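Report on the structure given below.
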Amino acid sequence: MSRDFHLDQATHDLVMVGGNPVMAEGVDELRQRVKVRALTHRGEWQFDLAVGMPYREQIMVKNPDLAIVKATIAAELITIPDTTGIIANEVDIDSGRNLSNRIDMDTVYGPTGEIEV
């Protein structure tokens with residue numbers, strides 16, 4: 001697995017210790033990868049336009065079917081290396097079309113715990 005810089009979960013800024021960036025490892029790295037993937041819109045990353053959530057195409061559409069939205073999100077997140085399954089996936093879209101997703105994934109390092117996106 002490649003290594004990732006550790007990002008602060010609230011601000012998404014690099015975590016620095018003594019002026020040096022901290023590397024994310026194990027389940028923390030996978031929690032971070034899940035959150036980053038969930039926050040990436042499909043077509044946003046210029047090196048692979050297929051990476052990311054199909055928000056415009058399948059998720060944030062008129063009268064969304066929550067079962068389809070949930071399955072679409074799960075199908076994208078399960079492609080992250082070292083994830084082995086989904087323990088829980090709660091999706092809600094309010095009347096203002098705001099999406100909230102809470103997901104707990106199983107990984108080769110153990111469960112991620114609830115990740116809120």
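The values are calculated or read from the model by the stated rules, or taken from the named source; none is laboratory data. Bear in mind that the values here come from a model prediction, so they are computed numbers and not experimental data. Every residue, glycine as well, gets a Cβ built from its backbone with ideal geometry; the counts of neighbours run over all protein chains shown.
Quick look at the numbers
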| item | result |
| --- | --- |
| Residue among ARG102, ARG56, ARG37, ARG97 that alone is among the basic types (Lys, Arg) and touching a helix residue (DSSP H, G or I) at 6+ places or on another chain (Cβ under 7 Å) | ARG37 |
| Long-range neighbours under 8 Å by Cβ, at least six apart or interchain, first residue closer than 22 Å to ILE93 by Cα within region 104-116, second small (Gly, Ala, Ser) and not in a loop (DSSP other than H, G, I, E, B) | ASP104/ALA88; MET105/GLY85; GLU114/ALA88; ILE115/ALA38; GLU116/SER100 |
| Which numbered condition VAL61 fails, given (1) of a type outside the set (D, E, K, R); (2) free of Cβ contacts under 8 Å to residues at least 60 places away in the same chain; (3) closer than 26 Å to ASP94 by Cα; (4) touching a helix residue (DSSP H, G or I) at 6+ places or on another chain (Cβ under 7 Å) | (4) |
| Residues that are within 14 Å of the chain's Cα centre (by Cα) and of a type in the set (Gly, Ala, Ser), drawn from region 38-70 | ALA38, GLY52 |
| Answer from THR84, THR112, THR79 - the residue that is surrounded by fewer than 17 Cβ atoms within 10 Å (Cβ to Cβ) and in contact with a Ser or Thr (Cβ under 9 Å, 6 or more places away or on another chain) | THR84 |
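Listed here are the residues, each with its yes/no results for (1) over 20 Å from GLY26 (Cβ atoms); (2) at pLDDT below 95; (3) touching an Asp or Glu at 6+ places or on another chain (Cβ under 9 Å).
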position: GLN46; (1), (2), (3): yes, yes, no
position: LEU66; (1), (2), (3): yes, yes, yes
position: THR79; (1), (2), (3): no, yes, no
position: SER95; (1), (2), (3): yes, yes, no
position: SER100; (1), (2), (3): yes, yes, yes
position: TYR109; (1), (2), (3): no, yes, yes
position: ILE115; (1), (2), (3): no, yes, yes
